[in-house]
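Have a look at the structure below, then the notes.
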Amino acid sequence: MKFKGDIGLFLLLVATFLVYASAGNFMKDFEITWGESRAKVLENGQSLSLTLDKSSGSGFRSKYEYLFGKIDMQLKLVAGNSAGIVTAYYLSSLGSTHDEIDFEFLGNLSGDPYILHTNVFTQGKGNREQQFYLWFDPTKDFHTYSLRWNPKSIIFSVDGRPIREFKNLESKGVPFPKNQAMRIYSSLWNADNWATRGGIVKTDWTNAPFIASYRNFNAKACIWTSSGSSCSSNKSPLSSSTSQSWLRESLDSKGIRKIRWVQKNYMIYNYCTDYKRFPQGFPAECITSKPHKL
């Protein structure tokens, strides 16, 4: 299902529908896609675990596709020596011109921090990486990783703290993911050819099996199918209440200050400052989007 035209028109159309809201049940909202019994739904649908061993990893995806939404998921990552392991949690459509919004957690040797890798694909093109160290140990407890995707921007957040914003700059010629519905995906897999120190450090299989855990999925979003929006089948109309405020929100001054703090203290890579990678000039969004000055 595709919409074209300005943002105001889209919002007017969406206002006739319901936002789908789910407090989250992994039996109801997700399906195991690979890994067989390595992926397990637990606690009557309240939690899920993915396992990686030397034979295979595992993964799952949402049963529904979404076009705009606020998606929250709590994860507890693989503990101990997680070098070579990647836990991916992302939104994606299909095809060679797919859109995608990525969280990827790159494992490391015991005692070294995970690297949180983020990326945005539009019309099949990515290469918009930003990477961060986290300010806590993501293996000791669950933490909330959120994506707020609306016609204005994409906001990546950790425990309610925004860490990255990708703005809609279509007026400046920068494609923005707004026409393709996306599913939620997650997977736990071996990527020791590149994930840790460029592939120098390999996975230590004596520590297997490796387990990542999930709970407290929450979505405020519109479900899309090939025939249109299933939101129209819900009972309560979308109004101006706070329940769908994410659809119109952009970063306020407090949010910008939080991003500045993260970027100043924990950002370790930003494609928009990689002169060696872009000797002929930075991508258009790096030039036209005002940076959050530190």
**OP:** Residue by residue through the stretch 78-87, note down the ones that are of a type in the set (A, V, I, L, M, F, W, C) and either within 17 Å of Phe26 (Cβ to Cβ) or over 15 Å from the mean Cα position of the chain (by Cα) (or both).
**Re:** Val78, Ala79, Ala83, Ile85
**OP:** Select, from Leu188, Leu147, the only residue that is hydrophobic (A, V, I, L, M, F, W, C), crowded, with 19+ Cβ neighbours inside 10 Å and within 15 Å of Thr87 (Cβ to Cβ).
**Re:** Leu188
Subject >> Number of the exception - Tyr90 against (1) touching a strand residue (DSSP E or B) at 6+ places or on another chain (Cβ under 7 Å); (2) farther than 19 Å from Asn216 by Cα >> reply: (2)
**OP:** Tell me which of these Leu116 doesn't satisfy, since it passes every other one: (1) assigned to a loop (DSSP other than H, G, I, E, B); (2) over 25 Å from Trp224 (Cβ atoms); (3) without any contact (Cβ under 8 Å) to a residue 60 or more places away in the chain.
**Re:** (1)
Subject >> Residues of the stretch 109-128 that turn out to be at pLDDT below 95 and within 20 Å of Ser49 (Cα to Cα), as a count >> reply: 1
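A quick yes/no check of all residues on (1) aliphatic (A, V, I, L, M); (2) at pLDDT 95 or above; (3) not in a strand (DSSP E or B):
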site: Gly198; (1), (2), (3): no, no, yes
site: Val201; (1), (2), (3): yes, no, yes
site: Tyr214; (1), (2), (3): no, yes, no
site: Lys220; (1), (2), (3): no, no, no
site: Ile223; (1), (2), (3): yes, no, no
site: Cys231; (1), (2), (3): no, no, yes
site: Ile256; (1), (2), (3): yes, no, yes
site: Glu285; (1), (2), (3): no, no, yes
site: Pro291; (1), (2), (3): no, no, yes
Original post:
In the stretch 100-113, which residues are touching a strand residue (DSSP E or B) at 6+ places or on another chain (Cβ under 7 Å) and either small (Gly, Ala, Ser) or assigned to a strand (DSSP E or B) (or both)?
Top reply: Glu100, Ile101, Asp102, Phe103, Glu104, Phe105, Leu106, Gly107
Original post:
Among the residues of the stretch 11-24, is there at least one that is out of contact with any Gly (no Cβ under 8 Å at 6 or more places or on another chain), at pLDDT 90 or above and either among the small types (Gly, Ala, Ser) or surrounded by 21 or more Cβ atoms within 10 Å (Cβ to Cβ) (or both)?
Top reply: no
Original post:
Of everything in the stretch 233-254 that's within 22 Å of the chain's Cα centre (by Cα) and closer than 25 Å to Asn25 by Cβ, which residue is modelled with the lowest pLDDT?
Top reply: Ser243
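Being part of a loop (DSSP other than H, G, I, E, B) and of a type in the set (Val, Ile, Thr) is the filter here; which residues of the stretch 203-212 pass it?
Thr203, the sole residue that qualifies.
Here's the yes/no breakdown for (1) free of Cβ contacts under 8 Å to residues at least 60 places away in the same chain; (2) surrounded by 20 or more Cβ atoms within 10 Å (Cβ to Cβ):
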site: Trp135; (1), (2): no, no
site: Ser153; (1), (2): no, no
site: Phe156; (1), (2): yes, yes
site: Leu169; (1), (2): no, no
site: Lys172; (1), (2): no, no
site: Gln180; (1), (2): no, yes
Original post:
Of the residues that make up the stretch 80-87, is at least one surrounded by fewer than 19 Cβ atoms within 10 Å (Cβ to Cβ), in contact with a helix residue (DSSP H, G or I) (Cβ under 8 Å, 6 or more places away or on another chain) and touching a residue at least 12 places away in the same chain (Cβ under 8 Å)?
Top reply: yes
Original post:
Could you say which residue among Gly69, Gly57 is more than 24 Å from Asp141 (Cβ to Cβ), buried (at least 16 other Cβ atoms within 10 Å of the Cβ), in contact with a helix residue (DSSP H, G or I) (Cβ under 8 Å, 6 or more places away or on another chain) and among the small types (Gly, Ala, Ser)?
Top reply: Gly69
Original post:
Tell me, which strands (runs of 3 or more DSSP E) lie completely within the stretch 129-188 with 3 or more residues that are under 15 Å from the mean Cα position of the chain (by Cα), at pLDDT below 95 and more than 21 Å from Asp252 (Cα to Cα)?
Top reply: none
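The values are calculated or read from the model by the stated rules, or taken from the named source; none is laboratory data. None of the values given here were measured: they were computed from a predicted structure. Heads up, the Cβs are rebuilt from the backbone with ideal geometry, glycines too, and the neighbour counts pull from every protein chain shown.
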